[in-house]
Amino acid sequence: MVSEPKQTPADSAATASERLVLLAYATTAIAVFALMMIVGFLMRSAQATWVDLPVDRFYELMTLHGTGMVGTAGLGGAFVMWYFLGRHVRLSSKVMLTTFGLSLAGVVLIIGGILLGHYAGAWTFLYPLPAKSMGVWQPAAAAAFVVGLILIGVGFLLFYADCALALIRRYGSLTASLGVPQLISGRVEEAPPAAVVASTMAIIVNVLGILAGAVVLIMTLVSLYIPGMVFDALLMKNLIFFFGHVFINVALYMGVIAVYEILPRYTNRPWKVNRPFIAAWLAAVFLVLAVYPHHLLMDYAMPKWAATLGQVVSYLSGIPVLIVTAWGTLGNIARSGIRWDLPSRLLVFGVLGWAAGIVPAVVDGTISVNLVMHNTQWVPGHFHTYLLLGLLPMLLGFMAWAVQLRGEDSSFQRAAFWGYAIAGAVFCLSFLYGGANGVPRRFAVHVSEWLPVASVGSIAAAVVVVSVVSLALVIVRRLPQLGKTVG
């Protein structure tokens with residue numbers, strides 16, 4: 001028997017303010033992801049010598065691409081979390097719109113700092129680079145970039161504060177909404193829903209990460225205008241990578257809420273919240289906070305215990321949540337008679353892409369390997385696998401489901417999906433292959449020996465862009481249906 005996508009009794013039409021939030025975030029996410037992919041294609045094409053891109057412009061675009069993708073991934077994940085957490089607790093549409101407004105203001109400043117002020121210090125803004133541009137950009141350009149990030153961070157803190165207060169009102173504490181009492185007692189029938197557990201983890205971890213980011217961003221601003229005040233470079237780098245790694249990891253963890261909420265509607269099976277599920281998300285709170293030193297394995301001044309911690313936790317960090325999610329996904333769809341359509345394909349593919357991204361991450365988190373691979377294209381291969389094949393399909397699957405594309409399965413949709421899936425995998429593999437063969441990352445100009453890999457990556461990138469734009473058009477065409485029923 002084939003099961004149809006299920007509507008639950010709790011499904012209801014969104015209010016006018018909720019629909020405004022949905023439209024604002026959906027249209028922005030689709031537009032920015034598509035534009036940033038085009039920017040990425042231009043950079044890869046420049047490395048393949050297909051287009052003539054001045055070196056200074058390349059690094060401006062690299063900064064724009066990285067910042068835009070990370071920021072939009074965070075906003076997309078928050079969009080998913082707000083949508084589904086709001087089915088379990090009362091959230092404020094006004095706060096979410098304020099978060100959107102602050103993020104939009106931040107984006108304007110960031111784009112101005114990059115395209116008008118020529119800031120090209122990458123989204124990681126490593127100290128003291130923003131203040132020491134050798135005349136390539138002025139302090140005002142770097143300041144615009146930094147203030148833009150601060151505004152986005154303030155918006156996220158408001159969003160998380162609203163979510164945390166709602167959870168505390170409903171469950172009494174964040175410990176309770178994380179399911180810790182049920183983990184201890186074993187009475188899992190009283191446990192919070194999966195979306196609530198995952199959202200609680202995201203709040204705890206990302207608030208700490210964003211606060212660390214705020215500290216280092218303010219210190220960076222001070223260094224721009226008071227050059228005599230010198231900060232410890234290793235401390236600054238630790239704060240930057242703690243903030244950055246936590247932020248992008250939590251974006252993925254917020255995105256996976258779509259799998260927990262939507263897939264059971266296709267299989268007519270509830271997503272089971274049991275003790276292993278709660279334990280995995282509780283472990284993720286500590287592991288995600290502790291794993292960032294694997295970005296600093298090349299920094300000889302780091303304490304040995306920190307490097308060792310980075311390697312060990314790299315092996316463990318993503319595994320608990322991935323295992324319960326992948327196992328739960330397989331268990332949910334096995335013999336369910338699921339009818340595959342665009343949303344369900346994208347969501348399940350996102351889980352598979354996330355699982356695939358674990359492998360290059362663990363490899364690069366090994367100290368002996370990192371010494372050789374860290375400054376190669378292996379690193380962008382790893383995080384593009386996570387984001388391009390993991391998070392983005394989840395976000396697209398969620399939006400396709402939200403605009404009522406459930407049950408539709410046209411040949412155009414299938415072609416766009418498979419073009420995206422196959423070309424996306426080839427694109428990521430081109431980075432990983434290049435890294436395994438010593439091709440450096442962040443080089444605007446490639447020598448002749450590196451051109452074949454860049455060319456393959458460029459062809460794959462072109463197919464990815466066409467496929468994602470095609471999927472985006474399918475979703476945009478149905479935006480008037482967005483929020484007519486929500487679950």
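Only one of these conditions is not met by residue 305: (1) in a helix (DSSP H, G or I); (2) touching a residue at least 24 places away in the same chain (Cβ under 8 Å). Which number is it?
Among (1) in a helix (DSSP H, G or I); (2) touching a residue at least 24 places away in the same chain (Cβ under 8 Å), the lone unmet condition for residue 305 is (2).
One residue is enough: does segment 368-381 have a residue meeting the conditions hydroxyl-bearing (Ser, Thr, Tyr), more than 29 Å from residue 262 (Cα to Cα) and assigned to a helix (DSSP H, G or I)?
Filtering segment 368-381 for residues hydroxyl-bearing (Ser, Thr, Tyr) gives 368, 376.
So of that shortlist, the ones also more than 29 Å from residue 262 (Cα to Cα) come out as 368, 376.
Right, trim to assigned to a helix (DSSP H, G or I) and you get 368.
Yes, the conditions are met somewhere in segment 368-381.
Conditions (1) within 30 Å of residue 237 (Cβ to Cβ); (2) surrounded by fewer than 23 Cβ atoms within 10 Å (Cβ to Cβ), marked per residue:
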residue	(1), (2)
300	yes, yes
318	yes, no
322	yes, yes
326	no, yes
332	no, yes
338	no, yes
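Mind checking which residues of segment 89-125 are surrounded by 15 or more Cβ atoms within 10 Å (Cβ to Cβ) and part of a loop (DSSP other than H, G, I, E, B)?
Listed by number, the residues that qualify are 89, 91, 92, 117, 118, 119, 120, 121, 122, 123, 124, 125.
I need the full set of residues from segment 230-275 which are under 21 Å from residue 82 (Cα atoms) and free of Cβ contacts under 8 Å to residues at least 24 places away in the same chain, in order please.
Of everything in segment 230-275, just one residue is under 21 Å from residue 82 (Cα atoms) and free of Cβ contacts under 8 Å to residues at least 24 places away in the same chain, namely 270.
Provide a single number: the residues in segment 31-66 that are assigned to a helix (DSSP H, G or I), surrounded by fewer than 21 Cβ atoms within 10 Å (Cβ to Cβ) and among the β-branched types (Val, Ile, Thr).
4
Within segment 32-64, take every residue that is over 23 Å from residue 468 (Cα atoms) and among the hydroxyl-bearing types (Ser, Thr, Tyr) and give me the one that is farthest from the chain's Cα centre (by Cα).
The qualifying residue farthest from the chain's Cα centre (by Cα) is 49.
Residue 110 fails exactly one of the following numbered conditions: (1) hydrophobic (A, V, I, L, M, F, W, C); (2) free of Cβ contacts under 8 Å to residues at least 40 places away in the same chain; (3) under 22 Å from residue 40 (Cα atoms). What is the number of that condition?
Going through the list (1) hydrophobic (A, V, I, L, M, F, W, C); (2) free of Cβ contacts under 8 Å to residues at least 40 places away in the same chain; (3) under 22 Å from residue 40 (Cα atoms), residue 110 breaks only (2).
Can you find a residue that is within 20 Å of residue 199 (Cβ to Cβ), at pLDDT 95 or above and not in a helix (DSSP H, G or I) anywhere in segment 165-172? Break it down stepwise before answering.
We begin by selecting, within segment 165-172, every residue within 20 Å of residue 199 (Cβ to Cβ); these are 165-172.
Subset that is at pLDDT 95 or above: 165-172.
With the extra rule that they be not in a helix (DSSP H, G or I), the set shrinks to 172.
Yes, segment 165-172 contains a residue that is within 20 Å of residue 199 (Cβ to Cβ), at pLDDT 95 or above and not in a helix (DSSP H, G or I).
Using beta carbons and a limit of 7 Å, which pairs, at least six apart or on different chains, have the first residue in segment 161-180 and over 17 Å from residue 277 (Cβ atoms) and the second one of a type outside the set (A, V, I, L, M) and surrounded by fewer than 15 Cβ atoms within 10 Å (Cβ to Cβ)?
166/90
Those residues that are of a type in the set (Val, Ile, Thr) and surrounded by 18 or more Cβ atoms within 10 Å (Cβ to Cβ), I need them from segment 395-435; list them, please. Quick ask: steps written out before the conclusion?
First, pick out the residues of segment 395-435 that are of a type in the set (Val, Ile, Thr): 403, 422, 426.
Matches in segment 395-435: 403 only.
Residue 177 - would you say it is touching a Pro at 6+ places or on another chain (Cβ under 6 Å), on the phi < 0 side of the Ramachandran plot and modelled with pLDDT of 95 or more? Break it down stepwise before answering.
Working: touching a Pro at 6+ places or on another chain (Cβ under 6 Å): yes; on the phi < 0 side of the Ramachandran plot: yes; modelled with pLDDT of 95 or more: yes.
Judged against the criteria, residue 177 is a match.
Which one of these is buried (at least 18 other Cβ atoms within 10 Å of the Cβ) and modelled with pLDDT of 95 or more: 214, 202?
Working: 214 fails: buried (at least 18 other Cβ atoms within 10 Å of the Cβ).
Selected residue: 202, the only one of 214, 202 that is buried (at least 18 other Cβ atoms within 10 Å of the Cβ) and modelled with pLDDT of 95 or more.
Among the residues of segment 260-275, are any under 27 Å from residue 67 (Cβ atoms), of a type outside the set (Lys, Arg) and surrounded by 23 or more Cβ atoms within 10 Å (Cβ to Cβ)?
Our first condition is that a residue be under 27 Å from residue 67 (Cβ atoms); within segment 260-275, this holds for none.
No, segment 260-275 has no match at all.
Take residue 45 and tell me if it is among the small types (Gly, Ala, Ser), under 30 Å from residue 334 (Cα atoms) and either touching a helix residue (DSSP H, G or I) at 6+ places or on another chain (Cβ under 7 Å) or at pLDDT 95 or above (or both). Break it down into steps so the answer makes sense when it comes.
On the way: among the small types (Gly, Ala, Ser): yes; under 30 Å from residue 334 (Cα atoms): no; either touching a helix residue (DSSP H, G or I) at 6+ places or on another chain (Cβ under 7 Å) or at pLDDT 95 or above (or both): yes.
So residue 45 does not fit the description; no.
Could you give every pair whose Cβ atoms fall below 6 Å, whose first residue belongs to segment 420-436 and is farther than 11 Å from residue 377 by Cβ and of a type in the set (Val, Ile, Thr), and whose second residue is at pLDDT 95 or above and assigned to a helix (DSSP H, G or I), counting only separations of at least 6 or pairs across chains?
426/460
Is it the case, given these coordinates, that residue 397 is among the small types (Gly, Ala, Ser), under 14 Å from residue 252 (Cα atoms) and touching a residue at least 24 places away in the same chain (Cβ under 8 Å)? Give the derivation first.
Values: among the small types (Gly, Ala, Ser): yes; under 14 Å from residue 252 (Cα atoms): yes; touching a residue at least 24 places away in the same chain (Cβ under 8 Å): yes.
So residue 397 passes the test.
The values are calculated or read from the model by the stated rules, or taken from the named source; none is laboratory data. The model shown is predicted, which means the values in this text are computed figures rather than measured ones. Backbone-built Cβ (ideal geometry, glycine too); neighbour counts: all protein chains shown.
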